[in-house]
Structures are given as C-alpha cells and as structure tokens.
1. Could you tell me which residue of the range 235-263 is surrounded by the fewest Cβ atoms within 10 Å (Cβ to Cβ), considering only residues that are within 21 Å of Pro80 (Cβ to Cβ) and within 15 Å of the chain's Cα centre (by Cα)?
2. Would you call Gly266 surrounded by fewer than 17 Cβ atoms within 10 Å (Cβ to Cβ), modelled with pLDDT under 85 and part of a helix (DSSP H, G or I)?
3. In this structure, is Gln149 over 23 Å from Ala279 (Cβ atoms), of a type in the set (S, T, N, Q) and surrounded by 12 or more Cβ atoms within 10 Å (Cβ to Cβ)?
4. Select the helices (runs of 4 or more DSSP H) contained entirely in the range 127-238, then report the ones holding at least 3 residues which are closer than 30 Å to Ala327 by Cβ.
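The values are calculated or read from the model by the stated rules, or taken from the named source; none is laboratory data. These figures come from a predicted structure and were not determined experimentally. A quick note on method: Cβ atoms are made from the backbone with ideal geometry, for glycine too, and the neighbour counts reach across all protein chains shown.
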Amino acid sequence: MKTSIGIDYHKRYSVACVMNEAGTILAEERIDHAFPERFAELIGKHTPAQVAFEATMNWGWLHEILEAIAGIERIVMANPLHVRLIAAAQVKTDKVDARKLANSPFSEPSPHIPDRATRMRKEVLRQRTFWVRERTKVRNRIHRLLGRQHGLAMPQVSDLFGKKGKAALNKLVLAAPDDLLLRQQLEMLDCLERHIRELDEKIALEGKGDEAVGRLSSIPGIGPILGNVIATEIDGIERFGLSEQLSAYAGLIPTTSSSGDKTYHGRLVSGCNKWLRWALVEAAWVAVGCDAYWRPLSPSSPLAREEGQHSDHDHRAADVSDHLLRASREASLSGAPVESECPRLLSSKTDGARRISGDAGVLGQSREPGI
C-alpha cells in the first residue's frame, strides 16, 4: 500500500506526517536538520511513498535529501498559495500543516522543480544581480558626496567610474570626514567590481555551449547576461505549450476583473517568476532605446503619444517585454535565426509597430504570428 508523507519544512527542523491511503496517520516525527539521515530512516519504513513539502526558502536542501531515498515514487513541491488556502484553519500547528500536506497536494499539479545544476546556475546569476545593485548604491553615494562639495573641480568625462574618472577620484583630497568616506566607498566599489568580473567569467563559461543563450543573445536588447538569466529561469521552453502560458509565467499579463458587461484590466499579476520579468523589462528598455524595429514602441514615441499612452511607461515596457518573450519562444522552438521570427525593419516603422503591438494598452492580447 502506497503511503503519503507531508513534510512541514522549517529552517532548523521539519515535522513529517505519514498517512496511508485511507487517511490513517501511521507516524509523526519532528526531525532536526542536524541529523538529515532521519528522513531516510522514517520514509524507509513506509515505502513505496509519495512525499509533499511546501515551496519555501532553501527548499532545494530537502529535495536533494529526498531524491537520494529509495522507495519514493513521487516528490511534490506544493504551491504555497494553494496550501495557504487549504490550511486556513483556526488551529494551525506544525503537525496540522504536515497532515494537510500529506492529505491534499498530490491531486494538484506540482510546480516545476529544476535540477541541481540549474538551481546552482540561478544562484550565480542572482548573486551577480545582487552585486550590481550594491554597486549602483555605492556609486549613488559617491555622486551624493561629490555633490555637497564646494568649489570641487572634476574633469569632464562621460563615465565618472571609467578609467579617467576613477583616476581623478583616487587623487581627490577632501576635508574630513568626507575624505575617509570617499576612500571607503572607492574601496567597496573596487571590491564589488572584482566580484562582478569573477561571476561574469563563470557565467560566460557556463553559457558558452548553451544554444538557447546564443539565440536569446541575438535578440535586440538581450545580451549574454540577460540571455543567461532568461534561459535559466525558463528552464526549457517546451514546458509551455502556448505563448500565453509563458507570458503568464513571466508575469506579463494584467489582472482582470470582469462582471456583467464591464471588464477592467489592472496591474500586472504578482504571482510570477520575478527574475524572468525583471530580465525581460530590462531588455525591453534597451530594445526601444537602441533598436530601430522596437523604437516606435517606446513610451515617448510618436505612436505612443498618438494612442494617448505616452505616460503609461510601465505598461508600454511590459508590452514590449511580452513581444520579446514571444519572439524568444518562437526562435527557441524552431531553432531558426531570430531574424526569421522577428523582422528587423518594415517599410514603415510606425506601421511595423502597429502590426506587432496591436493595442499596446491591453496586455496579454494576441499578437501577430511569430512574435
């Protein structure tokens, strides 16, 4: 008889509940994470089994332990939103949560569980994003520090943190305590840039043989870093049968409220892959600023002003992001060059923008084939 096991996973311990097919509790145990072998000892007594746990921080640690246990036929990572609805009760304890997990989520579709290599690749990319954001904060603090100086003469350079700008910053002598603050900020900046370079080398090496990254990097607005992020977060374009499913996963569709003959489209959906949406929005801003094909879709373009949407920057950026995502999907599925899926220039930029955007103010609307 197959058993169902629910594990309420915490930072330092977990609570497991074992049930048979009739719903009878066979065992309950609190397992300290200092002794992970206890998972195998408990589950080994009740195989064959199916195991469910809730998606939470560092869930990969538990998944790797469960993968190595013989006799587990299925591992389900329960959607926290669904579990919250199921377990919404006046009495809520670790044991109750474990029982709910053992009793309910196996009928629900399990969220995608990437393999360990993909999870580690995501961690590298997210670490780089973290360092870049910290570097931006430090640079802003340096700009603020320089801005409060009187009579400060700095060389006219296009990039204050380029070679010439950094040389000038290192030679500056300021009054206390700004001199100390500037030295510390420059040291922190050098440290962050060194970390970013190290990760860039690792990312380039890992993405070198990835065909998906190569195709994505040829799309306007998507470079090697964003190409790696998008490919890794999607983790197999074949998982999505329809482009609309991929758009929903990326969070590029609006919330919708419809009653009677009134329909309202609101903000973008919140339950999505936030890293994938971030990468696509970043790529969209680059594309509309640098590529002639996408430039008519810019929030400041004549087409946007004509449609009365020049002030709705977020929705325009999300709309361009959705086009980029659909172009990425078509190119990945066909294996063809991106240029064949996304024509570079049409006879009229404005007509081309209308053709690919439809009504740019309504997200999630069907697009032209190939986009």
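1. It comes out as Ala248.
2. Values: surrounded by fewer than 17 Cβ atoms within 10 Å (Cβ to Cβ): yes; modelled with pLDDT under 85: yes; part of a helix (DSSP H, G or I): no.
Answer is no for this residue.
3. Yes, satisfied.
4. Details: elements: 163-171, 178-207, 211-217, 224-234.
It comes to 178-207, 211-217, 224-234.
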